[in-house]
């Protein structure tokens, strides 16, 4: 009792102002969650969430691009309580925000993706896109909460393996399928530096020992993919089908040509191709190419509600969050996921009010000025 007494200050670090974990309601922005996430998890687990491909130029550029877009205020308006509700593929959403697919949530919290889904459901039924490489079976994740969820697929060369995976996801209740096509041969230098820090465990989020085919240990098991893949998958999927990893207008048009129901603009959060463009830079040309024929989703680098507003102004139908919910999960479990999403939602409303947008329909490119290099 004496050792824990706040009067004696026995638990304070004499070399720093404090070393306690803050209470959840003390965190004001999504960025406040990352230091807590960093403090609570092993280095290799933190790095798995934090790193980008190769030298991480694109990872940094994703964030920097938001500094190249200015918001233009309209101070005389009737936007005191902006309307943020929308609908995507028949799913009604309180905000144009989803949670991106990310792997291995059990490395962040013992309850894994089940806790993530509970947090997303508690945050105004925010849709969660469940990763194909989740820690838990899709049936357990689907049963963890009542909110809507989608499923993300890493296609395999054997069609029957794809069929089995997709049948299980659809039986569990997924409302759309997102096929990731931008992870053919990535290499992560930060993982290479860390690979000898801990024993290999064979799990995502750890320093796994992989038999190298090249010095960079390139994972080349997805190089079989081509556009014919979607003709096969379409026969297996009864819900809307999207391609994730689009960063050019040409590929967006190919999505339409091959009958996809949506385009997902993403560079895997800077984890796909280094020295590629940021997603915010290429979003306008992709939106112009699609011409409203299908929804355009967007992710990579989003950290604030104002970032969400900028992406919407440049034409995104909805914005997906990847690292931010992981910070919330690793720091505080399901309540952390809920809190970080509610912060982003509230910041979006605030940004819309400050710029004079009474509704999502009022958001267009006149709201922003861009200065991309």
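The values are calculated or read from the model by the stated rules, or taken from the named source; none is laboratory data. None of the values given here were measured: they were computed from a predicted structure. All Cβ positions, glycine included, derive from the backbone under ideal geometry; neighbour counts span all protein chains shown.
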- prompt: Counting just the residues of segment 249-275 that are in contact (Cβ under 8 Å) with a residue 40 or more places away in the chain, part of a loop (DSSP other than H, G, I, E, B) and at negative phi, which one comes out farthest from the chain's Cα centre (by Cα)?
  reply: 261
task: Would you mind stating whether residue 341 is more than 23 Å from residue 264 (Cα to Cα) and in a helix (DSSP H, G or I)?
output: no
- prompt: Looking only at segment 297-337, which residues are more than 14 Å from residue 352 (Cβ to Cβ), in contact with a helix residue (DSSP H, G or I) (Cβ under 8 Å, 6 or more places away or on another chain) and part of a loop (DSSP other than H, G, I, E, B)?
  reply: 299, 300, 301, 302, 303, 314, 315, 316, 322, 333
- request: From 349, 340, 368, 324, grab the single residue that is more than 23 Å from residue 36 (Cα to Cα), touching a residue at least 40 places away in the same chain (Cβ under 8 Å) and under 22 Å from the mean Cα position of the chain (by Cα).
  value: 349
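The rows are residues; the columns are (1) over 16 Å from residue 86 (Cβ atoms); (2) surrounded by fewer than 24 Cβ atoms within 10 Å (Cβ to Cβ).
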site	(1), (2)
292	no, yes
297	no, no
305	no, yes
308	no, no
321	no, no
325	yes, no
350	yes, yes
356	yes, yes
372	yes, yes
field: Failed item in (1) surrounded by 12 or more Cβ atoms within 10 Å (Cβ to Cβ); (2) modelled with pLDDT of 90 or more; (3) part of a loop (DSSP other than H, G, I, E, B), with residue 12 passing the rest
entry: (2)
- prompt: For residue 330, all conditions in the list (1) under 18 Å from residue 97 (Cα atoms); (2) crowded, with 19+ Cβ neighbours inside 10 Å hold save one; what is the number of the exception?
  reply: (1)
- request: Could you grab me the full set of residues in segment 42-72 that are within 21 Å of residue 112 (Cα to Cα) and either assigned to a helix (DSSP H, G or I) or modelled with pLDDT of 95 or more (or both)?
  value: 43, 44, 45, 46, 47, 48, 49, 50
Number of the condition not met by residue 75 [criteria: (1) at pLDDT below 95; (2) assigned to a helix (DSSP H, G or I); (3) within 26 Å of residue 280 (Cα to Cα)]: (2)
message: Can you find a residue that is within 27 Å of residue 334 (Cβ to Cβ), crowded, with 18+ Cβ neighbours inside 10 Å and either under 22 Å from the mean Cα position of the chain (by Cα) or at pLDDT 60 or above (or both) anywhere in segment 185-194?
response: no
